[in-house]
1. Which cross-chain or sequence-distant (5 or more) residues have an amide H under 5 Å from the amide H of residue 81, H modelled 1.01 Å from N in plane?
2. Test of understanding: what is the full-extension gain from residue 110 to residue 62, defined as 0.36 nm times their sequence separation minus their Cα-Cα distance?
3. How much length is gained on full extension from residue 90 to residue 24, taking 0.36 nm per residue of separation minus their Cα-Cα distance?
4. Ignoring ligands and nucleic acids, what accessible area does residue 91 show with a 1.4 Å probe (Å², nearest 10)?
5. So what does residue 52 come to for accessible area, using a 1.4 Å probe and Å² rounded to 10?
6. Please give me the summed charge of the neighbours of residue 80: other residues whose Cβ is under 14 Å from its Cβ, Lys and Arg +1, Asp and Glu -1.
7. Measure of size requested: the Rg and Dmax of the range 58-100, with Cα atoms as the atom set and Å as the unit; please supply both.
Amino acid sequence: MTELSDLISRKRIRYELGESTMPKKYRDFCLRVIDDVSLTPSININTPKEDFRDWIIDNWTTTVYDGIDYGLETMVVNAKKDMNDVVDRDETVDYISEILKEGLLNVLDTYEAELW
């Protein structure tokens with residue numbers, strides 16, 4: 001399956017070749033190569049969903065795990081919350097949840113808006 005970005009770049013190359021002063025036989029050869037998908041390299045661009053999934057897999061231990069660890073240390077060790085107390089436990093869960101949400105939203109903010 002041909003990617004939209006691949007078609008755009010092919011279209012741009014065809015335009016540039018058409019505007020060039022390259023001899024016709026060479027230009028025709030280049031156009032044949034461009035038109036033959038099997039002869040032109042293309043890259044596989046991840047969708048934002050795939051990229052985000054890969055980020056979660058690659059960064060779980062260093063980012064998410066550390067966020068949970070930080071939340072537990074802050075709420076349980078430093079604030080001396082009692083994990084047997086329902087209110088303290090709920091406050092700890094809320095605190096860790098906010099840390100994780102903020103981190104994941106920060107990752108999503110790094111994505112640029114798509115112009116499709």
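The values are calculated or read from the model by the stated rules, or taken from the named source; none is laboratory data. Keep in mind that this is a model prediction, so the values were computed, not measured. Positions of Cβ are backbone-derived with ideal geometry, glycine not excepted, and every protein chain shown enters the neighbour counts. Side chains included, ligands, DNA and RNA excluded: accessible areas come from the protein's heavy atoms. Shrake-Rupley method; radii C 1.70, N 1.55, O 1.52, S 1.80 Å.
1. 76
2. 15.5 nm
3. 16.4 nm
4. 80 Å²
5. Accessible area, nearest 10 Å²: 50 Å².
6. Once positives and negatives cancel, what remains is -3.
7. 10.7, 35
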